[in-house]
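The values are calculated or read from the model by the stated rules, or taken from the named source; none is laboratory data. What you see is a predicted model, and the numbers here were worked out from it, not measured in a lab. All Cβ positions, even for glycine, are placed from backbone atoms using ideal geometry, and neighbour counts span all protein chains on display. Calculation scope for accessible area: heavy atoms of the full protein, side chains included, ligands and nucleic acids excluded. Shrake-Rupley method; radii C 1.70, N 1.55, O 1.52, S 1.80 Å.
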Amino acid sequence: MPIHALIFDFDGLMVDTETPALQSWQEIYAEYGVTLSVHDWAITLGANAGFDAHTHLVALLQQRDPQLAEQVIAARDTIIARRQARKDELSAPQTLLPGVAELLAEAHTKGLPCAVTSSSSQRWVEGWLERLGTRHFFATVVTADDVAATKPAPDLFLEAARRLGLPPATCLVLEDSPNGILAARAAGCPVVAIPGAISGQVPLPPADLTLPSMAHTTLADLQAIFR
């Protein structure tokens, strides 16, 4: 079917907030002499559930220093707050990834509606879109606050298609994460995988098309492929 809308993921696709998310936890793990691998972290990419980094840290410590593990359990709130502050610090300088601004501008010029679907909170996503000057490009923004289940469930994409008034099969999804690709396919949307700095280090489910970055395509190219 022809493409009548674009649905963008946010974290890792539009802005590399995934590297700060992982690095901020890796720094804390390093303080305790353990490591957090990309492959352990991968389950959380594109999702907001399924992996608790603090619980995983405790489990690693219990194998080598049970007393230290108990200290980390007691300090959970402090550790999480410190990690969030570090994540925010690392995220602040991030800008739009290559090709994002150009594709949004082309869609806007051609009157093709766009949406954002994200497993992050509305406050996080809307704040970034306003800061980057891109909010006006999107007809709707669907976040974890709007659905019962986030990616890999299809809810976010189904809600975006509903708000756009279009069948999911006519909404082309741009995604970087395994959970996002699975969610888009479950919703019946065609999907382009664009691996990010972190998701590019782990296996991705099959997509209809895979690109190294958004800078490697145009709206005209995508409409020619998906028609």
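Residue-level analysis places W25 among those that are at pLDDT 95 or above, part of a helix (DSSP H, G or I) and open to solvent by less than 40 Å² (accessible area, probe 1.4 Å).
Considered as a group, the residues in segment 110-121 that are open to solvent by 40 Å² or more (accessible area, probe 1.4 Å) and over 16 Å from T218 (Cβ atoms) include one that is modelled with the lowest pLDDT, and that residue is S121.
Against the conditions (1) part of a helix (DSSP H, G or I); (2) closer than 21 Å to S177 by Cβ; (3) open to solvent by 50 Å² or more (accessible area, probe 1.4 Å), A49 satisfies every one except (1).
You will find that of A169, A160, A148, the residue that is part of a helix (DSSP H, G or I), among the small types (G, A, S) and over 26 Å from G200 (Cβ atoms) is A169 and no other. Inspection of segment 192-201 finds no residue satisfying the criterion of being of a type in the set (S, T, N, Q), open to solvent by 30 Å² or more (accessible area, probe 1.4 Å) and in a loop (DSSP other than H, G, I, E, B). For segment 131-145, taking the residues that are of a type outside the set (F, W, Y) and assigned to a helix (DSSP H, G or I), the one that is nearest to the chain's Cα centre (by Cα) is identified as A144. Screening R86 against (1) within 26 Å of P205 (Cα to Cα); (2) touching a residue at least 12 places away in the same chain (Cβ under 8 Å); (3) in a helix (DSSP H, G or I) leaves a single unmet condition, (1). The residue pairs whose first member lies in segment 21-45 and is touching a residue at least 40 places away in the same chain (Cβ under 8 Å), whose second member is among the β-branched types (V, I, T) and surrounded by fewer than 17 Cβ atoms within 10 Å (Cβ to Cβ), and whose beta carbons are closer than 9 Å, counting only pairs six or more residues apart or on different chains, are L22/V38; V38/V202; H39/V202; W41/V202; A42/V202; L45/V202. Here A107 meets the list (1) open to solvent by less than 20 Å² (accessible area, probe 1.4 Å); (2) free of Cβ contacts under 8 Å to residues at least 40 places away in the same chain almost entirely, failing just condition (2). Only residues that are touching a residue at least 40 places away in the same chain (Cβ under 8 Å) and open to solvent by less than 70 Å² (accessible area, probe 1.4 Å) were counted in segment 90-103, giving 8. Contact map, segment 1-19: first residue under 13 Å from M214 (Cα atoms) and part of a loop (DSSP other than H, G, I, E, B), second residue open to solvent by 10 Å² or more (accessible area, probe 1.4 Å) and charged (D, E, K, R), Cβ cut-off under 9 Å, separation 6 or more or different chains; pairs are G12/E18. When segment 28-46 is filtered for residues that are in a loop (DSSP other than H, G, I, E, B) and either open to solvent by less than 20 Å² (accessible area, probe 1.4 Å) or of a type in the set (D, E, K, R) (or both), the ones remaining, listed by number, are V34, L36, L45, G46.
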